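Structure first, commentary second.
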Amino acid sequence: YPKEMYAGGMKVVTSATRQVSHESFDSRIKSLNYLKNVLGKIDAVRAGADEAIMLNGAGYIAECTADNLFAVRGGRLLTPSPQDGALEGITRGAILELAGEAGIAVAETRMTRFDVYTADECFVTGTGAELMPVIEVDGRRVGDGR
């Protein structure tokens with residue numbers, strides 16, 4: 001991502017493309033099949049956003065097209081559970097570990113768009129992205145927008 005985005009944050013939309021069902025493919029497997037991710041990224045670009053949230057077949061948040069998603073609500077750090085389609089990424093794991101060491105309450109849980117819309121803060125993580133703040137989701141400002 002561009003350098004200025006790390007200070008200014010990114011805009012995210014929800015993709016119409018759904019995460020592949022765990023009944024068809026185990027999301028914990030990192031493979032070279034990125035078709036759903038590419039389609040989700042196209043949704044983001046068409047909407048003027050930088051990234052897209054991927055929902056699973058039941059409508060719960062799985063992950064983003066290239067990143068894991070985190071939200072802070074009421075002092076708790078929330079992230080989608082791998083059972084809902086989140087890839088158990090290295091950077092995601094590091095954030096969970098560091099938050100635990102810092103005494104921050106962490107929950108791998110079922111998340112809906114409501115959890116992100118009402119979050120105090122939101123960010124994505126990934127090996128390439130590292131940690132990127134999210135300032136807007138589906139046209140709604142996250143927290144104070146910074």
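Things to note:
- The range 113-130 - residue that is surrounded by 17 or more Cβ atoms within 10 Å (Cβ to Cβ) and at pLDDT below 95 and, of those, farthest from residue 58 (Cα to Cα): 129
- Residue check for residue 140: surrounded by fewer than 16 Cβ atoms within 10 Å (Cβ to Cβ) and either closer than 14 Å to residue 68 by Cα or charged (D, E, K, R) (or both): yes
- Per-region count, the range 37-81, residues basic (Lys, Arg) and within 14 Å of the chain's Cα centre (by Cα): 1
- Residues of the range 53-106 satisfying the condition of being of a type in the set (Val, Ile, Thr) and at positive phi: none
- Of everything in the range 92-137 that is among the hydroxyl-bearing types (Ser, Thr, Tyr) and within 12 Å of the chain's Cα centre (by Cα), the residue that is farthest from residue 66 (Cα to Cα) is 112.
The values are calculated or read from the model by the stated rules, or taken from the named source; none is laboratory data. Model, not experiment: these values are computed from the prediction. Ideal geometry is used to build each Cβ from the backbone, glycine not excepted, and the neighbour counts take in all protein chains shown.
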